[in-house]
Amino acid sequence: MDSARPHERPTAFDRMLAPVHRWVWSDTDRRVQKLLRFSETETDGGRDILRAAEVTPDPRLRRLYLEHAIDEFRHGVLFRHRAAELLKVSASRSSPGFHGEWLAPGGHGLDDLQVDGESDIDMLAFLHLSEKAAASRFTVYRDVMQHDPPTRAVFEEILHDETFHMNYTLTQLARVEPQRHRRHLWRARSSRLWKAYLRLATGLAGILGSLLLTIQYFVILPPFAWLAKRTARREHVGWTVVSSLTSDSLHRQY
Ligand SMILES: [Fe+2]
Ligand SMILES: [Fe+2]
């Protein structure tokens with residue numbers, strides 16, 4: 001798709017995180033893993049938008065959704081091909097280490113998309129904000145990728161489409177809901193914020209849970225281990241004679 005409008009400027013938050021993104025993308029193995037993850041996100045997003053094209057009653061939206069879905073599938077292929085090229089030159093084929101997924105996310109947030117039951121208005125508001133977030137992040141990713149011109153070119157190409165997606169969804173939202181499209185945007189924005197909060201809270205709960213279990217392991221368990229060892233030392237070695245008066249286990253089942 002083509003866009004006559006200029007590219008979206010990254011948000012202050014994404015610009016602030018540029019040094020972190022630079023570090024995340026500096027490692028080749030991490031880059032491969034992230035590109036593969038991005039490829040999945042784009043392809044899944046394309047599938048959902050294809051579904052939106054099937055269910056919308058608006059012929060113009062159907063055509064735009066179809067073109068949008070084709071773009072997202074193409075982005076998935078571009079990311080996957082670039083990851084495959086990097087894999088060929090990468091020394092180790094897989095890295096189980098840290099990939100910084102939450103530090104440099106896939107951009108879209110299209111994985112939150114629920115097509116069935118959504119009106120075109122809600123769909124367009126959600127898509128506009130998702131594409132805007134993608135355009136902002138991909139701008140930063142492109143800018144920090146000076147050390148890898150081919151990957152930078154992939155982001156540059158995809159960014160062009162994401163900017164178009166961001167713009168057409170806003171234009172169409174204003175067309176189908178001229179009076180209250182801003183209200184729908186705010187509602188979609190608060191829904192995204194709530195989901196972001198839930199993701200952050202889940203991540204934080206995971207970290208706190210691991211921390212508490214580690215503290216329990218090193219602080220609470222040692223006294224019990226010590227007591228168990230002391231009791232074991234007091235136990236007699238070998239067979240112990242049990243008085244026949246206190247044990248009648250041979251005469252009943254329990
Ligand atoms: Fe995309
Ligand atoms: Fe997009």
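Projecting the Cα atoms of Leu193, Phe138, Phe155 onto the charge dipole of the stretch 138-198 (Cβ charges, centred on the Cα centre) puts Leu193 farthest toward the positive pole.
Remark: the stretch 142-196 carries a charge dipole of roughly 680 debye about the Cα centre, counting +1 on each Lys and Arg Cβ and -1 on each Asp and Glu Cβ.
Distance between the pseudo-spin-label points of Thr171 and Ser190 (7 Å out from Cα toward the beta carbon): 3.0 nm. 3J(HN,Hα) along the stretch 116-132: 5, x, 8, 7, 4, 5, 5, 4, 5, 4, 5, 4, 4, 5, 5, 5, 5 Hz, from the Karplus curve 6.51 cos²θ - 1.76 cosθ + 1.60 with θ = phi - 60°, whole Hz, x for Gly and Pro. Cβ-Cβ distance of His147 and Arg230, R₀ of 51 Å, FRET efficiency by 1/(1 + (r/R0)^6): the value works out to about 0.30.
Please say if the stretch 103-215 is rounded, prolate or oblate, where rounded means a/c under 1.5 for a ≥ b ≥ c the square roots of the C-alpha gyration tensor eigenvalues, and otherwise the choice is prolate for a/b larger than b/c and oblate otherwise?
Oblate.
With the simple model of a label 7 Å out from the Cα in the direction of the Cβ, Glu157 to Asp58 spans 3.0 nm.
Each value in this text was obtained by applying a stated rule to the coordinates, not by laboratory testing. Just so it is clear, the model here is predicted, and its values are computed rather than measured. Backbone-built Cβ (ideal geometry, glycine too); neighbour counts: all protein chains shown.
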